[in-house]
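All of the numbers you see were taken from the coordinates with simple rules; none came from a lab. Bear in mind the structure is a predicted one, so any value in this text is a computation, not a measurement. Cβ placement follows ideal geometry from the backbone for every residue including glycine, while neighbour counts extend to all protein chains displayed.
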Protein chains: 2
Amino acid sequence: MPDSQSLTFRVGLIQTTSGADAGVNIERHVELVREAARRGAQIVCLQEMYRSPYFCREEDASLFDWAETVPGPSTEAFSRIAREHSLVIVVPIFEKRATGLYHNSAVILDADGSTLGLYRKMHIPEDPLFYEKFYFTPGDLGFRTFDTRYGRIATLICWDQWYPEGARLAALGGANILFYPTAIGWHPYEKDSHGASQRSAWQTIQRSHAIANGIYVAAANRVGFEGPPGNGLEFWGSSFVSDPFGVVIAEAGTDKEEILVAECSTARIEEVRRGWPFLRDRRIDAYSPIVNRWLA
Amino acid sequence: MPDSQSLTFRVGLIQTTSGADAGVNIERHVELVREAARRGAQIVCLQEMYRSPYFCREEDASLFDWAETVPGPSTEAFSRIAREHSLVIVVPIFEKRATGLYHNSAVILDADGSTLGLYRKMHIPEDPLFYEKFYFTPGDLGFRTFDTRYGRIATLICWDQWYPEGARLAALGGANILFYPTAIGWHPYEKDSHGASQRSAWQTIQRSHAIANGIYVAAANRVGFEGPPGNGLEFWGSSFVSDPFGVVIAEAGTDKEEILVAECSTARIEEVRRGWPFLRDRRIDAYSPIVNRWLA
């Protein structure tokens with residue numbers, strides 16, 4: 001039987017620290033992306049807000065200086081790398097859309113260096129040391145997919161990963177893989193009591209999106225400690241790629257810089273969705289109450 | 001600060017085999033439910049179609065004889081037990097609704113023996129040895145919750161567990177716990193190659209419902225082998241209870257009859273939903289395309 005539609009693509013995830021100098025952060029990520037390309041990656045995803053520290057640990061209006069426009073320094077630097085190495089790159093940015101209007105976004109660059117489009121983080125957290133609602137207006141572009149040289153992809157960002165609805169909509173849009181650039185870590189005072197269950201929940205919910213939708217899922221998280229010792233964040237790394245059945249096919253450690261490269265294939269998606277065909281049986285006639293805040 | 005709303009409830013799950021005699025199956029389950037009550041259970045859930053073998057391994061119209069009405073033998077037997085032991089019981093039945101119209105359902109009995117209502121399985125599988133579309137009309141009651149003596153609960157059934165939408169709607173209805181009576185097992189020819197990843201996917205997707213919604217999830221699965229040696233099903237047991245953060249607090253083995261009893265509390269739900277408040281940030285303005293079959 002014909003299998004003319006089968007496509008293989010290699011994903012690269014960059015897990016690293018980002019320091020206090022934007023230029024250095026760009027340079028270091030450029031080098032890491034080049035290394036991922038040397039290892040065979042075709043679609044590379046950087047961690048959330050790769051160009052800055054995770055500054056949302058406090059509310060400080062001067063930190064809006066970290067924002068950039070599209071096009072801007074990030075798209076300029078990575079468009080060149082994308083073209084040179086024929087890479088698709090998911091570039092998370094702190095987007096300045098207008099004066100006083102900012103988003104937590106990701107630019108999707110195609111393998112010729114062109115900009116395919118933008119995703120703006122839809123779900124914005126607000127939690128001690130994660131004061132994102134102060135900085136980011138919730139996205140207004142919805143859940144999107146992008147046709148790249150290496151197939152259709154989607155990206156969501158960090159807190160989005162806790163929402164099955166977002167993953168579902170990206171998958172229904174025909175993406176083969178869902179990226180989650182991320183900045184998640186432990187509070188020092190919580191790590192002993194809740195650290196293991198937090199990291200487990202984080203991986204579990206993302207593997208579940210792979211399973212429910214028969215789609216690859218790839219999360220690129222930052223690593224290292226930021227902030228004052230007793231009141232900072234220990235980013236837990238653990239970047240990983242899940243296959244469409246929830247099997248983790250590549251996984252980084254919790255405490256050091258790593259580049260993950262994993263091979264994915266639409267043949268595996270085909271196999272999984274034929275085996276347990278969940279998409280066949282969705283009760284679309286019964287899901288409309290999901291747009292309610294609460295139903296009790 | 002006041003905590004007058006806090007409620008503790010103990011869940012019992014019955015994992016066993018069901019043989020060829022309906023009367024014996026009822027009797028054996030009655031004994032197991034009594035034992036769960038002795039161990040302190042207040043809300044007990046039986047496995048899917050506890051009163052019969054998993055007959056959907058073949059398509060045979062004579063097997064509709066296994067169906068029963070509501071009220072019928074199951075509600076009669078378990079209403080008495082519910083009243084005697086002050087138990088809430090989730091009783092899965094093969095429901096004969098009318099001549100030629102059948103559902104895969106669950107009756108919810110309150111602790112005084114009264115019938116609180118019915119859930120009818122919304123997502124119906126169809127897979128070699130799981131020929132359920134032949135027997136069961138998809139449910140037409142939607143995703144419901146039930147106010148029992150021990151708090152608000154919801155039940156879904158087996159294949160429903162792969163659909164985040166169902167879990168979400170039950171959770172938005174205010175349930176503290178979501179039950180999944182189940183009959184899932186390995187094909188003998190698949191167990192070596194896919195068995196571990198299948199069981200892992202099954203637990204992962206259900207733990208993810210707990211995490212996404214901050215709700216307890218409890219799955220009661222059957223155990224044992226049914227059918228001819230080379231072409232039967234090995235039900236994998238593994239019944240479990242997940243807390244609202246995805247932590248498995250009770251889990252049965254894969255190969256023998258077990259009664260699981262686990263203590264749950266709304267204080268834990270409160271703690272989890274305050275810690276990582278996912279319900280706060282849902283983008284209900286952006287989810288409506290979820291009622292589409294496909295969006296590409």
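Exposure proxy for A:Ser105, A:Ser79: other Cβ atoms within 10 Å of each Cβ, ordered fewest to most, give A:Ser79, A:Ser105. Each Lys and Arg adds +1 at its Cβ and each Asp and Glu adds -1 at its Cβ; summed about the Cα centre, chain A shows a dipole of about 880 debye. Within the shell defined by Cβ-Cβ distances under 11 Å, the residues around A:Gln15 carry a net charge of -2, with Lys and Arg each +1 and Asp and Glu each -1.
Picking from B:Pro71, B:Pro164, B:Pro229, which is most flexible by a Gaussian network model of chain B using Cα springs under 10 Å? Greatest mean-square fluctuation among the candidates belongs to B:Pro229. Once the dipole of chain B is set up with Lys and Arg at +1 and Asp and Glu at -1 on Cβ about the Cα centre, which of B:Ile215, B:Phe143, B:Tyr119 lies farthest towards its positive end? Among B:Ile215, B:Phe143, B:Tyr119, the one farthest towards the positive end of the dipole of chain B is B:Ile215. Kindly identify segment A:4-291 as rounded, prolate or oblate by the Cα gyration tensor criterion: order the square roots of the eigenvalues as a ≥ b ≥ c, call it rounded if a/c is under 1.5, otherwise compare a/b with b/c, prolate if a/b is larger, else oblate. Rounded, since a/c falls under 1.5.
Within the listed set B:Arg222, B:Arg39, B:Arg283, the Gaussian network model of chain B (springs between alpha-carbon atoms below 10 Å) gives the highest mean-square fluctuation for B:Arg283.
Working from Cα pairs under 8 Å separated by at least six residues, relative contact order for segment A:4-291 is 20 percent. By the count of neighbouring beta-carbon atoms within 10 Å, fewest first, B:Glu234, B:Glu165 end up ordered B:Glu234, B:Glu165. Of all DSSP beta bridges confined to segment A:4-291, the antiparallel ones make up roughly 70%. Convex hull volume per residue, computed on the Cα atoms of segment B:161-247, equals 82 Å³.
Helix screen, chain B: no DSSP H segment has Cα axial length of 20 Å or more and mean Kyte-Doolittle hydropathy at least 1.0. Couplings for segment B:140-153, taken from phi via the Karplus curve 6.51 cos²θ - 1.76 cosθ + 1.60 with θ = phi - 60°, read 10, 9, x, 9, 10, 10, 9, 8, 9, 4, 9, x, 7, 10 Hz in order; Gly and Pro are left as x. Cβ crowding within 10 Å, taken as a proxy for footprinting-reagent exposure, orders B:Ser288, B:Ser238, B:Ser18 from fewest neighbours to most as B:Ser288, B:Ser238, B:Ser18. So for segment A:203-296, considering every pair of alpha-carbon atoms, how many percent are separated by more than 17 Å? Summing the P(r) tail past 17 Å for segment A:203-296 gives 63 percent. Give me the net charge of A:Glu263's neighbourhood, meaning all other residues with Cβ under 14 Å from the Cβ of A:Glu263; Lys, Arg count +1, Asp, Glu -1. Charge balance in the 14 Å sphere: +2. A simple charge model with +1 on the Cβ of Lys and Arg, -1 on the Cβ of Asp and Glu and nothing else charged puts the dipole of the protein assembly as shown at about 660 debye relative to its Cα centre.
With a ≥ b ≥ c taken as the square roots of the eigenvalues of the C-alpha gyration tensor of segment A:21-175, please select rounded if a/c is under 1.5 and otherwise prolate if a/b is larger than b/c or oblate if it is not? It comes out oblate by the Cα gyration axes.
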